[in-house]
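The values are calculated or read from the model by the stated rules, or taken from the named source; none is laboratory data. The model shown is predicted, which means the values in this text are computed figures rather than measured ones. Glycine gets a Cβ as well: all are built from the backbone with ideal geometry, and neighbour counts include every protein chain shown. Surface accessibility is based on the protein's heavy atoms, side chains included, excluding ligands, DNA and RNA. Shrake-Rupley method; radii C 1.70, N 1.55, O 1.52, S 1.80 Å.
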Amino acid sequence: MLRPVRADRRTQPSRPGTPRAVRMPLVAAAVVAAGLTAACGPSTQPVGSAAPSAAASSPELSAASATESATASPEASPTASASASASASATPRPGTSPAKAGAAAGTSAKPSRTAAAAQPAAVPGPGYDSSADAQKLIDAALRTAKSEGRMVLLDFGANWCGNCKAADKVFAQSQTAAILGDSYQLVKIDIGGNSSANSALLRKYSPSGGTYTMPVLVVVSPSGAVRTDTHVTGNPSLTAEGINSFLRKWAS
C-alpha cells in the first residue's frame, strides 16, 4: 500500500560538484596568467627550478637591491676599478699621436745610439800610400768626424822616415789604437814622394813653412779648423806615453 508523500517533507538537494562562485575566480586567474605569458614571453627557468625570489617579484625591492649593489660595487672590487682606470689611461685619445700615447703610458721613445758610440773608427796600418787621393780621404774623414763627434788627425810622413816608423809602432799598440779609434779619424798622407797635391795639403794645414820634421801631426776639428800643428809646437815623444798624452789632450 502506498503512502502519500507528505507535502511538508523537504527534498534534499543534490550535492553540487563545484560552487559557481568558486569556478569564476579560477577562470579569471587562468586568463590573467595567459596574458602575462603572452606579454613577457615564456619562462626561461628550467622545469623544476626554484620559484622566483621575493626580490624578483617585488619591483620596489628589486630596485633597492640594485641600488645597494651599485653603491657597494666600487668598494667590493677595487681591482676591477683600478683595471678600468688603467685601461682608460692607456687608451690614446682621438687625435693623439702614437708617440704621445706611448709617453702617456710610460713608454719611453728614446732615440738609438749613434754608430760613433757603438763602433770605434778603423785605424790605418803602418806606412803611407803614395797612390791614395789624400784630399778625398780628408774630406771623408771630416764628414765622419762631424757625424760621429770625433777629431781628425792628419799624419804627414814618408815610408823611408825612421821617426814615422817609430810613430806607426806606437799607433799599433792596443792602448793607443783604442784612443785613436774612440776619438779620431786618422788620415796618413805621403809627403816623401813627388806628389805636389800632397805637398799643397801640407802647406794648407801647416802654413808656417820652413823645414818640416816628420811626422807632422795636425789635429783638425770636424769643421776643418786646425787645433794644433806639431810643426809649430814640436813633436811629442814618439813613445806610448808621449803620443797617448798628446792624443788625450786634443781629443776634446
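Would you kindly compute the Cα radius of gyration of segment 191-235 and its largest Cα-Cα separation (Dmax), both in Å?
Radius of gyration, then largest Cα-Cα span, for segment 191-235: 10.5, 29 Å.
Taking 4 °C and 1.567 mPa s as the conditions, I'd like the Stokes-Einstein D for segment 132-198 in µm²/s, using the Kirkwood hydrodynamic radius from alpha carbon pairs. Show your work: numbers first, answer last.
Numbers: Rh = 12.8 Å.
Diffusion coefficient, whole number: 101 µm²/s.
Compare T213, T176, T239 by solvent-accessible area with a 1.4 Å probe and give them largest first, with all protein chains kept in place.
Most to least solvent-accessible, the answer reads T213, T239, T176.
Any idea of S199's accessible area? Nearest 10 Å², probe 1.4 Å.
Estimated to the nearest 10 Å², S199 gives 40 Å².
Past the 20 angstrom mark, what percentage of all C-alpha to C-alpha distances in segment 106-252 do you count?
I get 46 percent for the Cα pairs in segment 106-252 exceeding 20 Å.
Working only with C-alpha atoms, what are the Rg and Dmax values of segment 173-252, expressed in angstrom?
13.0, 35
For G192, enumerate residues with amide H under 5 Å from its amide H, sequence gap 5+ or separate chain, H modeled in the peptide plane.
N159
Largest first, what is the accessible-area ranking of W160, W250 with a 1.4 Å probe?
Descending accessible area places them as W160, W250.
For the residue pair A197 and D139, what label-to-label distance in nm results when each label sits 7 Å from Cα along the Cα-to-beta-carbon direction?
1.0 nm
What net charge is computed for the residues neighbouring L202, neighbours being all others with C-beta under 13 Å from the C-beta of L202, Lys and Arg scored +1, Asp and Glu -1?
Working: positive: K188, R203, K204; negative: D155, D190, D229.
Taking every other residue near L202 into account, the sum is 0.
Mind grabbing the accessible area of I191 for me, 1.4 Å probe, Å², rounded to tens?
For I191, the solvent-accessible surface is approximately 30 Å².
Of V216, V123, which has the most accessible area with a 1.4 Å probe, and how do the rest follow in descending order?
V123, V216
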